[in-house]
Amino acid sequence: MDEIEAQWRQLDPIFILGRQRTGTSIMWRALRVAGFFGFPEDHLWYDLIKPLAWWRDPEYKAHLREEIFALGAGRNLLLERQIALLIDQFHRDQLPPECVRWVSKSPGVDAVLVAPMLAEIFPQAQFIFMKRNAITTVNSTIAYMQRNHDSKANVDAVFLSTCKHWVAVMKMWRQVRPLLTGRYIEVAQEHIVTEPGQVARRVTDFLGVPEWSQAVADVFKSRRENTAFPEKDVGDFFYPVDWTREQKQVLARICGPEMAVWGYPLNFQYPGGPQPPEAASGDITPMDMSTYYRWVREYETHELRLMLQRYRELLDQISRGRVMRLLNWLNRVAKRFDVRRQAL
């Protein structure tokens, strides 16, 4: 027990959070020079820890006998720590032996949602949240998708989903970051480009490795491996977005209020910089951990209901499609029968 406790208290992963196309990849690559290694996308195991929110939620406990939780509390905490140690060992077994600390680069809503839980089960964990103007995030997402995945993809659908996802990630982060005080920094993708040395010093000081500041800055200055615009210089923000009036209206309607909270202007001619604003305070009403765990449980329940609703709609569409195919087949058979009858 004491040995497990001692090992658990030393767990110190680094979590890179944010929306896709906000600089998570360049941050992940830069940290490698300091011996901080991780997988390119590492969000598959987050669902393993979401159920921890259920037994920690006082409202959920109220449905069962309190003595059951009193008897099981110690075992539950031990299980959490064993899960954390297992995840840690998995990363260290799979990553290079020179790995000093492992890094989890997991852009998206789910990783942000569970960040306070990660902070509890990994006592020394630190968090880097990457942010970027919604306009350049959407523009980069569409360009990257067309260049690397599907040149004929439905641009309007990707545009709409990216706008909604950007808002979801940024708003979710504002909800959870008060629970991470002292254990996170926010890094603007624009600042990596315009002030690489200063950002490198902030990041390496935060992680306790200031001696790697210059090496990290050199990575920031290098050509992006994951860029959506390989033909542009690293520091080139001087370009307007080539969008329709309707697309600009959609982004303003969906992202505008959240952009205002973060201090991003609706500037479609010069959205990238050179001096992007610092984040506004904009935190939603702070909550304690008990409220947080209830909120996670309610959020997951809501998402499950939406997923079930989508499945029902899909099954209904499939069912209607089968009926229509059957009716069309019967109609064709009837026509052939009628033609043969007339021939007789």
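Here, each number is a calculation from the coordinates, and none is a lab measurement. Remember, it's a predicted structure, so these values are computed and weren't measured experimentally. Heads up, the Cβs are rebuilt from the backbone with ideal geometry, glycines too, and the neighbour counts pull from every protein chain shown.
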### Message
Suppose R0 equals 25 Å. What FRET efficiency, 1/(1 + (r/R0)^6) with r the Cβ-Cβ distance, do Ala168 and Ile83 give to the nearest 0.05?
### Response
0.40
### Message
If packing is taken as the average count of other Cβ atoms within 10 Å, what order do 91-98, 241-248, 104-111, 9-16 fall into, highest mean first?
### Response
104-111, 9-16, 241-248, 91-98
### Arg245/Asp218 FRET efficiency (R0 45 Å; Cβ-Cβ; nearest 0.05)
0.60
### Cβ-based exposure ranking for Cys255, Cys99, in which fewest neighbours within 10 Å come first
Cys99, Cys255
### Task
Beyond 26 Å between alpha-carbons counts as too far, so tell me which of Lys171/Lys248; Lys105/Lys248; Lys50/Lys164; Lys105/Lys221; Lys171/Lys221 fall in that bin.
Lys105/Lys248; Lys171/Lys221
### Query
If each of Ser161 and Arg9 carries a label point 7 Å out from its Cα toward its Cβ, how far apart are those two points in nm?
4.6 nm
#### Entry: Length added when fully stretched, Ser290-Trp329, from 0.36 nm per residue minus Cα-Cα
8.2 nm
### Residues whose placed amide H lies under 5 Å from that of Phe127, excluding near-sequence neighbours
Phe15, Tyr184, Ile185
### Query
Length gain on complete extension for the stretch Asp93 to Glu211, per 0.36 nm per residue less the alpha carbon to alpha carbon distance?
39.8 nm
### Leu308 paired with Arg201, simple spin-label distance in nm, labels 7 Å along Cα-to-beta-carbon
5.5 nm
